[in-house]
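Have a look at the structure below, then the notes.
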Amino acid sequence: MPQISINGHPCEFEDGQSILEVALAHETEIPHYCWHPGLSVVASCRICLVEVWAPNPRNDNKLEAIPKLLPACQTPASDGQVVHTDSPKAVGNQRSVMEYLLINHPVDCPVCDQAGECSLQDYAYRYGRAGSRFEEEKLKQSKKDLGPDVLLYGDRCIMCSRCVRFTREVTGTSELMVSGRGASEAIDVFPGVALDNELSGNVIDLCPVGALLDKDFLFQQRVWYLTRTPSIDGLTSAGDNISVEHNHGTVFRIKPRTNLEVNQWWISDEIRWGWKFIHDESRHRIPAVRGHESWAPEEADVAWSTALSSTVAGLKDRHIGVLISPMLACEDAWHLARMARQMDPDALLAVGPVPFEGEDKTFPGGYTIRAEKAPNARGVRRVLEAFGGRVTDAAGFEVALSSESGPEAVVLTGNYPSAWVTESFAEALGDRFVVLIDTMPNRLETRCDVFMPAATWVEKSGTFENVDGRLQAFERAIEPLDYCKSDAQIAIDLLAVHDGVQADWFNAAMTRQAMSIESGMKEFLEEVHMPEAQTTVESDMEVVEL
Ligand code: SF4
């Protein structure tokens, strides 16, 4: 395999890689602003210039210095190159670029949302000068409302053009442009055309400084207080890899996690901002049972034990139907189906309604927004079919409700971000015993006999199967709201009450093991893609003992 040397370290590479890509693949940092793996290469920011020596075939392949510094992002790696990022020339350039970028920058880090995750801050510390030599007045640029979700703080911009290239190359919408020349260059939208495409939020992530900001997250939280939990899109069938960023049980934002096989570097705006229902005031927080007064929070234990025992009493010795929502994880589906089949071996299992909006939309950059607005229809069906017997979909379930041999008691699960129960479905339920496990208000909450509040996907761990059949595990980011429980835990509790034993705590990994052993679904042990381990950043500051 060909190799180059970077700062004395041999680095193997594949044909077509640039020096910067080889360095990053070998965990060697070369500072860069304009380069991004998902965008074209423009080599405009100049901070990645490196000193390169290369074998000269016209001089017996002797190593010769290339007279000028070369942009590492644009220079292909070639066998035998010797690259220095820490030579006096390279370091001098890094310092000059940093000094240039900071000339007109307001250095308003204390009030900037990007502080703590800003490349300008980080590189100023690692590659910049300690002081500024600039004594003249800084040029000022305006703040601008670019569209419904994104703000531009013009004087923080370093003109890397990532945002402009994103709207040209990935979304194909080209709302952003560079206006002006020289020191007056500025990012802007074309007159009358707001930045308003379905992927617009990605420019916030792409911006290496605090110039493009998320209106929804603006001044909400300092980023160093946020904990990042790897997760999977819980709203569509795309299976996009995301990070849920939260503090003290409150989610503040969702960001993409890079996965070249699924979502590359991007997520859609509906995934980025569609999670707000998890903190909705109207969410159910405590169980309710028909014929009982509503319980106060301090009576949550009584509420749960009454709800569980009433459910078991209502399901016992009856033909059961269970509607399992495609918003639930495979582990939830498995526990619910197991509970139903243990209480009634002929229980009817059904996948809940799968919402669709329009058609799949693929952008020029390859990212696809899925029309299917449920994360796990395939996973739920896969699990239910592993139980054999009667398995159907939501339409089949509704038909079964109308037939004489239909279920006498039903367990319904929701967890949709918005209303999901149709009038015809509510009518088809007739006067049978109904247990509803759900998150948001819907037309069945006054009709059902028992209501149990469920946890959303960020409040539990599990596995989703995306539209391409890829099984991906996600972790719990925050504790369930108040007295809510995961659907899997509710199923475990119900079975324990039914069997008169102590309930176990739900554990997603143990459940996947049980799914493999008890239901023969080996794929849940062998094929589930787990989130990559988080790497912690070690401070290079010397700690002084006091
Ligand atoms: S706004 Fe941000 S992404 Fe766009 S050119 Fe300026 S620094 Fe780069």
Scan of the stretch 222-232 for residues that are surrounded by fewer than 19 Cβ atoms within 10 Å (Cβ to Cβ) and either assigned to a loop (DSSP other than H, G, I, E, B) or within 16 Å of the ligand (Cβ to nearest atom) (or both), ordered by number | R222
Sole miss for E465 among (1) more than 30 Å from K361 (Cα to Cα); (2) acidic (D, E); (3) surrounded by 18 or more Cβ atoms within 10 Å (Cβ to Cβ) is condition (1)
Hits in the stretch 361-392 (condition: open to solvent by 70 Å² or more (accessible area, probe 1.4 Å), assigned to a loop (DSSP other than H, G, I, E, B) and under 20 Å from L328 (Cβ atoms)) | G389, R390
Taking the stretch 19-48, which residues are under 19 Å from V82 (Cβ atoms) and within 16 Å of the ligand (Cβ to nearest atom)?
-> C48
One residue from L152, L226, L235 being more than 16 Å from W275 (Cβ to Cβ) and either among the aliphatic types (A, V, I, L, M) or within 17 Å of the chain's Cα centre (by Cα) (or both) | L152
Listed by first then second residue, the pairs whose first member lies in the stretch 184-202 and is free of Cβ contacts under 8 Å to residues at least 24 places away in the same chain, whose partner is within 15 Å of the ligand (Cβ to nearest atom) and part of a loop (DSSP other than H, G, I, E, B), with beta carbons under 6 Å and at least 6 positions apart or on separate chains, are V193/E175
Would you pick out the residues in the stretch 386-401 that are closer than 15 Å to H319 by Cβ and among the aromatic types (F, W, Y)?
-> F397
Considering only residues of the stretch 147-176 that are more than 8 Å from the ligand (Cβ to nearest atom) and of a type in the set (S, T, N, Q), which is nearest to L120 (Cα to Cα)?
-> T167
For residues that are assigned to a helix (DSSP H, G or I), out of contact with any Pro (no Cβ under 8 Å at 6 or more places or on another chain) and open to solvent by 20 Å² or more (accessible area, probe 1.4 Å), scanning just the stretch 152-183, find the one that is farthest from H105 (Cα to Cα).
-> R168
Please tell me if G131 is assigned to a loop (DSSP other than H, G, I, E, B), away from the ligand (no atom under 12 Å from the Cβ) and within 26 Å of E245 (Cβ to Cβ).
-> no
Within the stretch 65-122, restricting attention to residues that are of a type in the set (V, I, T) and surrounded by fewer than 16 Cβ atoms within 10 Å (Cβ to Cβ), which residue is farthest from the chain's Cα centre (by Cα)?
-> I66
Note: among R382, R341, just one is of a type in the set (K, R) and touching a residue at least 60 places away in the same chain (Cβ under 8 Å), namely R382
How many residues are under 27 Å from the mean Cα position of the chain (by Cα) and either open to solvent by less than 30 Å² (accessible area, probe 1.4 Å) or β-branched (V, I, T) (or both) if we restrict to the stretch 397-419?
-> 4
With (1) at pLDDT below 95; (2) out of contact with any Leu (no Cβ under 8 Å at 6 or more places or on another chain); (3) more than 12 Å from the ligand (Cβ to nearest atom) as the list, and E185 as the residue in question, which single condition is left unmet?
-> (3)
Within the stretch 201-221, how many residues turn out to be under 20 Å from W275 (Cβ atoms), within 12 Å of the ligand (Cβ to nearest atom) and either polar (S, T, N, Q) or in a loop (DSSP other than H, G, I, E, B) (or both)?
-> 1
Evaluate the following for S96: is it in a loop (DSSP other than H, G, I, E, B), closer than 24 Å to R162 by Cβ and among the small types (G, A, S)?
-> no
Quickly run through the stretch 260-284 and pick out the residues that are hydroxyl-bearing (S, T, Y) and in contact with an Asp or Glu (Cβ under 9 Å, 6 or more places away or on another chain).
-> S268
Checking R285 against (1) open to solvent by 60 Å² or more (accessible area, probe 1.4 Å); (2) within 23 Å of F506 (Cα to Cα); (3) free of Cβ contacts under 8 Å to residues at least 40 places away in the same chain, which single condition isn't satisfied?
-> (3)
Checking E198 against (1) open to solvent by 20 Å² or more (accessible area, probe 1.4 Å); (2) within 16 Å of the ligand (Cβ to nearest atom); (3) touching a Ser or Thr at 6+ places or on another chain (Cβ under 6 Å); (4) assigned to a loop (DSSP other than H, G, I, E, B), which single condition isn't satisfied?
-> (2)
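The values are calculated or read from the model by the stated rules, or taken from the named source; none is laboratory data. None of the values given here were measured: they were computed from a predicted structure. Please note: Cβ atoms are built from the backbone with ideal geometry, for glycine as well, and neighbour counts cover all protein chains shown. When the accessible area is computed, the model is the full protein with side chains, heavy atoms only, and any ligands, DNA or RNA have been set aside. Shrake-Rupley method; radii C 1.70, N 1.55, O 1.52, S 1.80 Å.
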